[in-house]
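Please read the structure below before turning to the comments.
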Amino acid sequence: QMQLVESGGGSVEAGGSLRLSCVASAPTFSSYSMAWFRQPPGKERTLVAAINWSTPRTLFADSVEGRFTISRDNAKHTVFLQMNELKPEDTAVYYCAARRGAPTRAATYDIWGQGTQVTVSS
């Protein structure tokens with residue numbers, strides 16, 4: 001089974017930027033739609049952004065639209081989340097996820113990474 005490993009999390013001040021990366025272990029990466037979810041302490045896990053496996057189609061949470069971008073490099077089996085203009089409410093554990101077929105807003109993904117912490121201070 002394909003495995004996902006996230007990196008790039010850390011602590012940043014409000015208004016700063018971070019770039020998360022998620023590397024997949026399998027060459028079948030290009031056949032998966034990819035997504036980033038996040039889970040603040042004591043709250044449910046929700047979609048941040050997703051990208052289709054076969055088209056440039058993307059999905060974003062309303063709260064990050066215009067500040068975050070998602071992209072993928074199939075040759076490197078990697079999906080990225082560029083996060084700009086970070087806010088304290090962006091603080092959460094960020095998870096990379098993969099699924100066959102079109103991306104969804106629900107957490108109906110088959111494969112998950114271990115997560116990476118993002119902390120934004122005011």
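The values are calculated or read from the model by the stated rules, or taken from the named source; none is laboratory data. A quick note: this is a predicted structure, and the numbers were derived from the prediction, not measured. All Cβ positions, even for glycine, are placed from backbone atoms using ideal geometry, and neighbour counts span all protein chains on display. We work out accessible area using only protein heavy atoms, side chains counted, and drop any ligands, DNA or RNA first. Shrake-Rupley method; radii C 1.70, N 1.55, O 1.52, S 1.80 Å.
A few comments on the model shown:
- Applying the condition of being open to solvent by less than 30 Å² (accessible area, probe 1.4 Å) and touching a residue at least 60 places away in the same chain (Cβ under 8 Å) to the range 64-100 and asking which residue is farthest from residue 23 (Cα to Cα) yields 86.
- Candidates are the residues of the range 101-121 that are of a type in the set (A, V, I, L, M, F, W, C) and modelled with pLDDT of 95 or more; the one that is most open to solvent (accessible area, probe 1.4 Å) is 112.
- When restricted to residues that are without any contact (Cβ under 8 Å) to a residue 24 or more places away in the chain and of a type in the set (Phe, Trp, Tyr), the range 13-52 contains 0.
- Leading residue by the ranking (surrounded by the most Cβ atoms within 10 Å (Cβ to Cβ)) among those in the range 6-20 that are in a loop (DSSP other than H, G, I, E, B) and on the phi < 0 side of the Ramachandran plot: 9
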